[in-house]
Amino acid sequence: MAISAQSSRRKTAPSLEAKALGRDPARKKLREQGKGLRESCPRRAHAAWRPADDRADPVRLLEESSVGRLPNLIPIRNARMLKSPFAWYRGSALGMAADLAGTPMTGLRVQACGDCHLGNFGAFATPERRVIFDINDFDETLPAPWEWDVKRLAASFILAGRENGFHEDTARDSALACVRSYRERMAEFSEMRKLDVWYAAIDVERLIESVHDEEARKRARKRLDRARERSVRDHAHPELALTEALTPTIRDDPPLIFHWREEGREEVMERVGKAFVAYRETLPEHRRVLLDRFQLQDVAIKVVGVGSVGTLCAVLLLTAGDADPLFLQVKEAGPSVLERYAGPSVHPNHGQRVVVGCQLMQSASDLFLGWSEGITGRHFHVRQLRDMKIKMRVEVYPPGVMRQYAELCGWCLARAHARSGEPAAISGYLGSSDAFDEAVADFAVAYADQTERDYQELRRAADAGRIPIAEEPV
């Protein structure tokens, strides 16, 4: 989807209200405080990347992150990460968290995504059936330095650009556009009313209308229409459901979707049922009323993503009638990779940590978002499996579209950070020049180089048989 964040900017002069807010003493003080942080943390200092002398072996960190995962899925996770340096980057958030902890920081904190790369953004439907663009993965979310998300996002554009065969300057230009968009949008949010910041959303319908390129606009419209048609069809006759049986079940598609065979169906459903009751209690009362119209029918294991492979993820099938299904996705939630560097979560359940982070950062969250705990002590968060989702096909983006997408992601991240942080302080630090933009673009290039070196370590470990690999069916 080629949507330009730049094209949707307001072209008019600031309103009297905006000017008044900009002169507000409290905001002015925050802006000056942010600007003052440049003395202890110069903006150009963010360009530096030098691995620590005691930097952990990246393969060892991968093995560490595999502890507690389903053993039969670990080889699939490793195989997915072996596909490219960018695939490795997507699954190695733990290693980058350790690296970012040693980089310059202002001390300003926000609710951070924790795994902020370009693949973790997308379009989806809100409960009101609007389609918005937003961050869509919060497994690692935690209050943390705002710079960490910006740097991880920028470096992902270098790696994706290289994977797409872009010239190095072109790939860097996308990373630069992303950070510049973040800075400029944060300045806008710093002058908005607090409620307006909270209500802000990136509406896909309006974005498509603002695209000047007619062909790009048509492609975006077609993808949106297809997503809506697919959503309607899946809810009427879901591909996962086998309705021929007396009890609706989920179709196995091993090794990616399968039923737990180590226990009988009754034992599995009893355990899931207990966790489901606990999950229900985390929903607001009006949504519990809706959930109660559905009856739990089946559960199956589902392999998702890259970094999440091997954690206990499942699909629940519920029905309110013969042609009235609801699919919920259940994902295991462990400690955030940021916790050892940014402090522990205040929430007793890591599923709750994910849910609260999602609600803080997203402009609209899933209708069935909640959390639970299994009888073995594992924590989970729950949401709908699919709801008019549109995955961004970055692997086929040409340079111009990648740059537009970078602007959009920078805008989206600024909006997410502005909800929980102090946009005036962050904007005061960033300023109106491109000093920070250029610095982070330089960091992104250097860290992409580091990622490629780490990826070669992974390949050597795989060739030596140090890590198990299992190829997936085509």
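Points worth noting:
- The Cβ shell under 13 Å around residue 350 holds other residues with a net charge of -2, Lys and Arg each +1, Asp and Glu each -1.
- For 328, 283, order by how many other beta-carbon atoms lie within 10 Å, fewest first: 283, 328
- Net charge in the neighbourhood of residue 332 (other residues with Cβ under 10 Å of its Cβ; Lys, Arg +1, Asp, Glu -1) is +2.
- Positive contributions from Lys and Arg (+1) and negative ones from Asp and Glu (-1), summed over other residues with Cβ under 11 Å from the Cβ of residue 376, come out at 0.
- Exposure proxy for 304, 277: other Cβ atoms within 10 Å of each Cβ, ordered fewest to most, give 277, 304.
- The H on the amide N of residue 112, modeled in the peptide plane, is under 5 Å from the matching H of 142, 144, each at least 5 residues off or on a different chain.
- Fewest-first ranking of 121, 327, using other Cβ atoms within 10 Å as the exposure measure: 327, 121
- HN-Hα J in Hz across the range 401-408 - Karplus 6.51, -1.76, 1.60, θ = phi - 60°, x for Gly and Pro: 5, 4, 5, 5, 5, 4, 4, 5
- Cysteines having no other Cys beta carbon under 4.7 Å from their own, within the chain: 41, 178, 313, 358, 409, 412
- Based on Cα contacts under 8 Å between residues 6+ apart, the chain shows a relative contact order of 32 percent.
- For the range 239-384, the equivalent ellipsoid derived from the alpha-carbon gyration tensor has semi-axes of 26, 19, 14 Å in decreasing order.
Values quoted throughout were computed directly from the atomic coordinates according to the rules given, and no laboratory measurement underlies them. Small disclaimer: the values here were computed from a predicted structure and weren't measured. Glycine gets a Cβ as well: all are built from the backbone with ideal geometry, and neighbour counts include every protein chain shown.
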